[in-house]
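Single-structure report; data block below.
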C-alpha cells in the first residue's frame, strides 16, 4: 500500500497575522504616548553644555587668552552660555528652556572670570539649580569642575 501525504504549505495563518498587527498597533500607541509627554529639556544636557562652556573659558585662561570669561543668561526661550563675551570672537552655546528656569545665588545674568589656573576667580563654589517639572542641581566648584548635584563644602 502506498501512503500519500497531504501537501504542506508554508506561511502564516490568518490568526497569526492579525495578532502581529494588533501587537504592532498596541506598541505604537504606547510609544507615541511616551514621546508626546517627554520634554525636550534635559538637565543632563544642560549640565554637559555648561561643562563644555566652562572648559572653553578655562582653556582660554590657561592660554592667557582674554576670552577667559563665561556669561550665563536666561532668555525668554533658551539658556545662553557665552564664552569670551568681551573678546572679539565670543562662542555662544544655546539650549532651549522648555518652561524651565535657572536660578543661582546673585541672580542672572552671571559673569564668571577664570584665573591663569583655570579656576573661577571668585574662588568659591557656585550652585546652579534648574527648576521645572523637577529640580536639578549643578555645581561649578572652586577648582573649576562642573558636576551634577549639590556643591560639596
In the stretch 110-124, is there at least one residue being touching a residue at least 24 places away in the same chain (Cβ under 8 Å), touching a strand residue (DSSP E or B) at 6+ places or on another chain (Cβ under 8 Å) and in a loop (DSSP other than H, G, I, E, B)?
no
Can you spot a residue in the stretch 74-86 that is in a helix (DSSP H, G or I), buried (at least 16 other Cβ atoms within 10 Å of the Cβ) and on the phi < 0 side of the Ramachandran plot?
no
With the requirement that a residue be outside any loop (DSSP other than H, G, I, E, B) and out of contact with any helix residue (DSSP H, G or I) (no Cβ under 9 Å at 6 or more places or on another chain), what does the stretch 138-153 give you?
139
Exclusive hit being under 20 Å from residue 134 (Cα atoms), modelled with pLDDT under 90, touching a helix residue (DSSP H, G or I) at 6+ places or on another chain (Cβ under 9 Å) and surrounded by 10 or more Cβ atoms within 10 Å (Cβ to Cβ), set 47, 100:
100
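The values are calculated or read from the model by the stated rules, or taken from the named source; none is laboratory data. Because the structure is a prediction, the values reported are computed rather than measured. In this analysis, Cβ positions are derived from the backbone assuming ideal geometry, glycine residues included, and neighbour counts consider all displayed protein chains.
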